[in-house]
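A short write-up of the structure that comes next.
The values are calculated or read from the model by the stated rules, or taken from the named source; none is laboratory data. Computed from a predicted model, the values in this text were never measured in an experiment. Neighbour counts run over all protein chains shown; Cβ positions are idealised from the backbone, glycine included. Protein only, heavy atoms only, side chains kept; ligands, DNA and RNA dropped before computing areas. Shrake-Rupley method; radii C 1.70, N 1.55, O 1.52, S 1.80 Å.
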Amino acid sequence: MKSSANRQESNSTKENGKSKLNYFLIFLICWLVVVTGFIAWFLIRFNDFAAKYEEQYQASLPIHTAEAVTKHFNDHDVEYIWNNMAEKPEVTVFEDETTVKKYVTNLIADKSFVCAEAESSTDSDPEFYVKTSDGLVVAKILLAEDKSKELPYGFKAWKEGKLEFYTAATEVATVKAPATYKVFVNGKELNDSHLAGDVAESELNQYVTPYAEIPGTATYQVTGLYDKPVVTAKDYTGHECECVYDENTDTYTVEFIKDFEGKDELSEFAIKFASTFANYISQDAGATALDKYFPSGSKQLSYIKRNSSRQLYTKHGKVEIKNGEIKDITVFSDDVVYMEVYVEQHMQMYFGSKEPEVIKTDAHVYFVKIKGKWYVGGIQY
């Protein structure tokens, strides 16, 4: 009987153990399902959070604000650039805002731009360069925190704080002109404050001293220009005169004028002088034939009269003056005029061909006016 009871108790214990094991497995499976579900839910939420966080982070990067500013450069929006410059470029009295805008327009025309973070950029003060495709930096963008906007996760919003556009006023106007002339750059008259050094005295004064003075050369220089200047000039009489630009020296030169009232009268006088001078040298004019052309006490005349070559001139026959002309004129003032005078002596020689020999005289003469009358101040040999 004991044996039977023991067997029944043992079977009961086994059944209870199996029952407990079944409950535990069920609990374990349920727990795993719950945990797995929670992990899956957490991962989904976390991934969603991470994606949104990354999206907001990327959107908050200052490079996007800098790129928005750079777009105005690619759109060649000069008005935007001009209106947003932190400091407008300084201009001289010879230019204005329009000139600088034209400079900006030309600088960005037909170019594409990118922005790149500057070396001086920090997280709190982002800075970007605006560059051309070939690396030329034309501007710098400094961003500032836009506190009027609130972004998720505490990210900062950015706005344009300052735009520094790099301008370089590299154009220069260098002008050489007679000191008695007026010079204008873009319509503005230059004065002594624009002189680049002292007025250079003319070396040609040796031919007119002590009767007159040839004006010296003034060199003017205007710097800080954004555009190629327009240089004009007026002569000592107030008339417009030519101004020549030399690309090799980047210099504008104003020459003395070539025409004046009374030119025909002086030209006739000059040809008569050159003819008399040629005849004097060949001993076909008297010893005092030149006196009336020179001021009283002229050293130049005394030098001519001391010229011993006149005494040795070849004997000849009839002489005729032909083909007199004025080859060049320079008007220094109302009282000083230079002329290159050409005449030919058709001289019959005592030997050789029966045809007359042609003796050419090309005289470089400086005429001076003394008390309303023209004289020879000097001759340049």
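Compute the accessible area per residue over the range 70-147, keeping the other protein chains in place, probe 1.4 Å, unit Å².
Details: 4350 Å² over 78 residues.
In whole numbers, the range 70-147 has 56 Å² accessible per residue.
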- [ ] Note the angle between two axes, namely the Cα long axis of helix 97-108 and the longest principal axis of the Cα atoms of the chain, as a number of degrees from 0 to 90, rounded to the nearest 10.
- [x] 60 degrees
Task: Hits among lysines - C-alpha to C-alpha of K327 under 16 Å, sequence gap 8 or more where chains match - done: K258, K263, K272, K360
Task: Selected from I39, I271, I26 as most flexible by GNM, with the chain as the system and alpha-carbon contacts under 10 Å - done: I26
Open item on the list: Using the Karplus curve 6.51 cos²θ - 1.76 cosθ + 1.60 with θ = phi - 60°, what ³J(HN,Hα) values do you get for each residue of the range 137-151, in whole Hz, with x for Gly and Pro?
Closed with: 7, 10, 7, 10, 9, 10, 9, 10, 5, 8, 6, 7, 10, 10, 9
TODO: Please list the non-local residues whose amide H lies under 5 Å from the amide H of Y181, H modeled 1.01 Å from N, same-chain partners needing a gap of 5 or more.
DONE: none
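I need the peptides 334-340, 71-77 ranked by packing, meaning the mean over residues of other C-beta atoms within 10 angstrom, with the highest value on top.
Working: 334-340: 20.1, 71-77: 15.7.
Sorting 334-340, 71-77 by mean packing, highest first, produces 334-340, 71-77.
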- [ ] Choose one answer from T65, T122, T330: the residue with the largest mean-square fluctuation in a GNM of the chain with alpha-carbon springs under 10 Å.
- [x] T122
Open item on the list: Skipping prolines and chain starts, which residues have an amide H placed within reach, meaning under 5 Å, of the one on G324, given they are 5 or more residues away or on another chain?
Closed with: E344
- [ ] Rounded to the nearest Å, what's the spacing between the alpha carbon centres of the range 172-193 and the range 215-237? Just the number, please.
- [x] 3 Å
- [ ] Taking the chain as the reference, fit the longest principal axis to its C-alpha atoms, fit the long axis of helix 263-281 to the helix C-alpha atoms, and give the angle between the two in degrees, 0 to 90, nearest 10.
- [x] 60 degrees
Open item on the list: Can you tell me the orientation of helix 2-60 relative to the chain, as the angle in degrees between its alpha-carbon axis and the longest Cα principal axis, to the nearest 10?
Closed with: 20 degrees
Task: Set of lysines near K228 by C-alpha distance (under 24 Å), chain-local residues within fewer than 8 positions excluded - done: K88, K101, K102, K111, K176, K182, K188
TODO: Return the sequence-ordered ³J(HN,Hα) values of the range 286-298 in whole Hz as given by the Karplus equation 6.51 cos²θ - 1.76 cosθ + 1.60 applied to θ = phi - 60°, using x for Gly and Pro.
DONE: x, 5, 10, 4, 8, 4, 5, 8, 10, x, 4, x, 5
Task: Placed amide H near I370: partners under 5 Å, 5+ positions off or other chain - done: Y375
Open item on the list: Using a Gaussian network model on the chain with a 10 Å cutoff between Cα atoms, which of L25, L312, L151 fluctuates the most?
Closed with: L25
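Please state, to two decimals, what the Cα-based radius of gyration of the range 283-339 comes to when divided by 2.2 N^0.38 Å (N = residues).
Details: Rg = 15.0 Å, N = 57, 2.2 N^0.38 = 10.2 Å.
Cα-based Rg divided by the globular estimate yields 1.46.
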